[in-house]
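A.B. asks: If you scroll down you'll find the structure; I have some questions about it.
Only the coordinates and a few stated rules stand behind these numbers; no lab work does. The shown structure was predicted, so the numbers you read here are calculated from the model rather than taken from an experiment. In this analysis, Cβ positions are derived from the backbone assuming ideal geometry, glycine residues included, and neighbour counts consider all displayed protein chains.
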Amino acid sequence: MFTSVSIGIALPETREQTATDLLRNADIAMYRAKAVGPGQQEVFTAAMHSSALDLLELETDLRLAVARNEFVMHYQPIVEAVQQRVIGFEALVRWMHPTRGMLMPHHFIALAEETGLIVQLGASALRQACTAGAAMMEGRSPEEMPFVAVNISARQLVLPSLVEEVITTLAETGLPPHLLSLEITESTLVGNAAAATLNMKRLQHLGVRVCIDDFGTGYSSLSYLHALPITGLKIDRSFVSQLEPDSDRLQVIQAITELGQRLGMTIVAEGVETHAQLRHLEQLGVEAVQGFLFSHPVDAAAAAALIGSRFGGAAAQAAKPLAGEA
Ligand code: C2E
Ligand code: CA
Ligand code: CA
């Protein structure tokens, strides 16, 4: 066994300081040292205290937010590459914080995962997205009805209750299973593979789609691709953003697309920002695209207004970012 030691150091600052204060400060410094890496030491500073307090405050706020349901979903269209017609939406969570305004996921998703609050947050996200998806079906022919894609975190995917939650939510909102797609990341599959696999198989049995998000950035073991019931791959933004003729990225996307299609999966490229990127992706045979070129994430009403329209012309102008989304 190899062990390492992380040391937090606190120095007495004022006469009023108690032994408890000193120990607390040393503790905060020790956590900072651990965060830096194994075998480190850190001396406590006042800034560490305030960032520890900020985190504590955020955690308290997050618990309240779950209870008060302060989460709202925004929707970003997923567009068929050739016709540039909306075929679905990805639901993305925003936190309407009572004093700080609209917070984007990078402020709170990691903390929600750490604290387990992601389970309640995820349930709210799923319910809102299915409700919006069901509303978008009204008055449309079956081919026109868009699917909704919901992000599922690792903690949710291994919950034994996940599939029952999906069944209940679909039944209560009226969204048919084939119009729901769940996005999971590759790293999700590493931790508790057996529980995740079981849930994925049950979801497939229900008719719900399961896609691998941020494909190509994580663990990328090709062995799971055919072993698991995966209906689609989302090529990560980092590949799309560096797309240039003769670039390695182009080869990678081509390889991913061919592999996915041979396995019967649909391929979506994320983070499409330019017409040139769109053209390359189209030539590579990527079926669907998503990105700021078409629309930023928008609220449910603005998203519904995009259905049936085709991008490439006036429609793209209609989907300007909402305040805070740009
Ligand atoms: P993601 O699943 O990869 O979502 C796509 C992110 O890329 C979104 O950021 C979206 O606004 C952004 N994006 C879309 N098009 C473009 C583009 O053309 N250029 C650039 N630069 N960015 C683009 P957002 O909404 O901030 O979400 C960030 C991440 O937060 C998501 O990444 C996802 O991992 C997580 N997340 C969002 N909503 C949920 C949720 O309801 N549950 C869980 N578990 N995670 C969520
Ligand atoms: Ca996603
Ligand atoms: Ca993604």
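A.B. asks: On a C-alpha basis, how far is the centre of the stretch 273-302 from the centre of the stretch 218-268 in Å? Whole number, if you could?
C.D. replies: 16
A.B. asks: How long are the semi-axes of the ellipsoid equivalent to the stretch 20-179, from square roots of 5 times the Cα gyration tensor eigenvalues, in whole Å, largest first? Write out the running numbers ahead of the final one.
C.D. replies: Working: eigenvalues 322, 52, 45 Å².
For the stretch 20-179, the semi-axes come out at 40, 16, 15 Å.
A.B. asks: Please report, to one decimal in angstroms, the Kirkwood hydrodynamic radius of the chain built from all distinct Cα-Cα pairs.
C.D. replies: 21.9
A.B. asks: Ordered by residue, what ³J(HN,Hα) values in Hz, to whole numbers, does the stretch 251-266 give under the Karplus form 6.51 cos²θ - 1.76 cosθ + 1.60, where θ = phi - 60° and Gly and Pro are x?
C.D. replies: 5, 5, 4, 4, 5, 4, 4, 5, 4, x, 5, 5, 8, x, 9, 8
A.B. asks: Could you give the size of the charge dipole of the chain about its Cα centre, using +1 on the Cβ of each K and R and -1 on the Cβ of each D and E, expressed in debye and rounded to the nearest 20? Before the final figure, lay out the partial values.
C.D. replies: On the way: 22 positive and 35 negative charges, 74 e Å.
Here the chain has a charge dipole of around 360 debye.
A.B. asks: If you don't mind, another one. How much length would be gained if the chain were fully extended between I7 and E164, taking 0.36 nm per residue of separation minus their Cα-Cα distance, in nm to one decimal?
C.D. replies: Taking 0.36 nm per residue and subtracting the Cα distance, the gain is 52.0 nm.
A.B. asks: Mind checking the full-extension length gain between M102 and L259? Use 0.36 nm per residue of separation minus the Cα-Cα distance, one decimal, nm.
C.D. replies: Full extension of this stretch gives 52.6 nm more.
A.B. asks: Karplus couplings for the stretch 6-21 from phi (6.51 cos²θ - 1.76 cosθ + 1.60, θ = phi - 60°), rounded to Hz, Gly and Pro as x?
C.D. replies: 10, 10, x, 10, 10, 10, x, 10, 10, 5, 6, 5, 8, 4, 5, 4
A.B. asks: Here's a follow-up. If only Cα atoms are counted, what is the Rg of the stretch 231-318, and what is its Dmax, in Å?
C.D. replies: 13.7, 41
A.B. asks: At 25 °C and a viscosity of 0.890 mPa s, what translational diffusion coefficient does Stokes-Einstein give for the stretch 14-58, taking Rh as the Kirkwood radius over Cα pairs? Give it in µm²/s as a whole number.
C.D. replies: Stokes-Einstein gives a translational diffusion coefficient of 219 µm²/s.
A.B. asks: Continuing with the same structure: Determine which residues of the stretch 89-115 fall in the zone a paramagnetic label at A67 would reach in this model, i.e. backbone nitrogen under 16 Å from the point 7 Å along Cα→Cβ.
C.D. replies: Only 98 pass the distance filter.
A.B. asks: Based on the alpha carbon coordinates of the stretch 168-326, what radius of gyration and maximum Cα-Cα distance (Dmax) apply, in Å?
C.D. replies: My reading of the Cα-based Rg and Dmax gives 16.9, 50 Å.
A.B. asks: Could you work out, for the stretch 8-90, what percent of all Cα-Cα pairs fall into each 10 Å distance bin, beginning at 0 Å and stopping at the bin that holds the largest distance?
C.D. replies: Histogram of Cα-Cα distances, whole percents per bin: 15, 26, 18, 16, 13, 8, 3, 0.
A.B. asks: Dipole of the stretch 92-211, Cα-centred, from +1 at each Lys and Arg C-beta and -1 at each Asp and Glu C-beta, to the nearest 20 debye? Don't skip to the end; give the middle numbers.
C.D. replies: Working: 8 positive and 10 negative charges, 25 e Å.
Computed charge dipole of the stretch 92-211: roughly 120 debye.
A.B. asks: Name the residue from H107, Q84, T185 whose Cα lies farthest towards the positive end of the charge dipole of the stretch 79-185, charges +1 on Cβ of Lys and Arg and -1 on Cβ of Asp and Glu.
C.D. replies: Farthest along the dipole direction, towards plus: H107.
A.B. asks: Round to the nearest 0.05 the FRET efficiency obtained for S221 and D299 when R0 = 45 Å and r is the Cβ-Cβ distance.
C.D. replies: After rounding, the FRET efficiency stands at 0.75.
A.B. asks: Where Rh denotes the Kirkwood radius from the mean inverse Cα pair distance, what is Rg over Rh for the stretch 128-180?
C.D. replies: Using only Cα positions, Rg/Rh for the stretch 128-180 is 1.01.
A.B. asks: Which cross-chain or sequence-distant (5 or more) residues have an amide H under 5 Å from the amide H of T185, H modelled 1.01 Å from N in plane?
C.D. replies: The list, which skips near neighbours in sequence, is D213.
A.B. asks: Compute the projected area of the convex hull of the Cα atoms of the stretch 73-161, averaged over all viewing directions, and report it in nm² to one decimal place.
C.D. replies: Value for the stretch 73-161: 7.6 nm².
A.B. asks: Where does the stretch 101-147 land on Rg(C-alpha)/(2.2 N^0.38 Å)?
C.D. replies: In units of the globular-protein estimate, the stretch 101-147 measures up at 1.56.
A.B. asks: Quick check of the Kirkwood formula: for the stretch 138-222, what is the inverse mean of 1/r over all pairs of different Cα atoms, in Å?
C.D. replies: 13.7
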